[in-house]
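Have a look at the structure below, then the notes.
The values are calculated or read from the model by the stated rules, or taken from the named source; none is laboratory data. Model, not experiment: these values are computed from the prediction. Neighbour counts are summed over all protein chains in view; Cβ atoms, including those assigned to glycine, are modelled from backbone coordinates with ideal geometry.
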Amino acid sequence: MTIGIFVGACDKSDHVVALATFLTRLEEKVLIVDATTTRRIGTEAGLLTQSQQPIMHWNGYDVLSGAISWDDMIQLLERHGSSLDTYEHIIVDTDRALFCNAQQWKQIDTRLLVQTMERYSLQKNREWLQAFQQQYDGDEEFEFVPVILRSLMPDDEFAFMIEWYYSIFEHRWARECIAIEEDERNWTARMSDYQDGQLQASNYPRATKRAWRILTEHFTGKLTERAWKQCLRTPKKGRMKHVAL
């Protein structure tokens, strides 16, 4: 089982959904935990409109919405006869600085700090890191994977980001920054996905798919070309139906 957490004060939902889709196409059992204040993934899955339950099966993976903390997530799963051990991959999307306590942070395999280069996103993430540092006083150094969305100059932006967080960041960055480059084709493809009800990777630019592969390999390890093509291939069945659990 791998657990990954996306933290940051920006909309990460498109890329969380893409990751879950790729893992599902590898026939892995996946849970997305939408622990954001906006609950965008939960809304799209129909959790706020079609069911009073906080968990639903959607497009091949499960979505849990409404958890405000790690303990809350566990309780919601147990209430529905499930647990983290049910899944091979758990993906948490949150903008809450105190979603995990210090011991729970140690259970997470992949920690991704996500931002755009907009001032609001950078400032909110700085505040998040300060809150994280105040909460976590352990000796263990954690690794964070930097992710930049709508990037224009990835190398320059990564260098600026490291400098921006330098005085408050006491852990370490992964060597490789994942940059999703600004491209209007991403938006067009996303609108098409919304209409079709599933991800059509062929509609996205190559740069986006390259970044998604790096992201996916943080959960799976190195993928063969054959396995990656399997991730990109859209099932012919069409939209999978919502199933309340």
Enumeration of residues in the range 179-233 that are of a type in the set (A, V, I, L, M), more than 25 Å from residue 117 (Cα to Cα) and without any contact (Cβ under 8 Å) to a residue 12 or more places away in the chain: 223
Identity of the residue in the range 156-178, out of contact with any Lys or Arg (no Cβ under 9 Å at 6 or more places or on another chain) and part of a helix (DSSP H, G or I), that ends up surrounded by the fewest Cβ atoms within 10 Å (Cβ to Cβ): 163
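Listed here are the residues, each with its yes/no results for (1) closer than 27 Å to residue 22 by Cβ; (2) out of contact with any Leu (no Cβ under 7 Å at 6 or more places or on another chain).
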residue: 93; (1), (2): yes, yes
residue: 102; (1), (2): no, yes
residue: 111; (1), (2): yes, yes
residue: 116; (1), (2): yes, no
residue: 124; (1), (2): no, yes
residue: 130; (1), (2): no, yes
residue: 161; (1), (2): yes, yes
Output for the range 75-117, where each listed residue is part of a strand (DSSP E or B) and among the hydrophobic types (A, V, I, L, M, F, W, C): 90, 91, 92, 112, 113, 114
Residue 150, sole failed condition from (1) under 30 Å from residue 103 (Cα atoms); (2) under 18 Å from the mean Cα position of the chain (by Cα); (3) of a type in the set (Lys, Arg): (1)
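Picking from 47, 31, which residue would you name as being at pLDDT below 90 and either crowded, with 24+ Cβ neighbours inside 10 Å or touching a Phe, Trp or Tyr at 6+ places or on another chain (Cβ under 6 Å) (or both)? So that I can check it myself, show each step before the final result.
Working: 31 fails: at pLDDT below 90.
47 is the lone residue from the list that is at pLDDT below 90 and either crowded, with 24+ Cβ neighbours inside 10 Å or touching a Phe, Trp or Tyr at 6+ places or on another chain (Cβ under 6 Å) (or both).
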Those residues of the range 3-40 which are in contact (Cβ under 8 Å) with a residue 60 or more places away in the chain, outside any loop (DSSP other than H, G, I, E, B) and charged (D, E, K, R), in sequence order: 14, 25
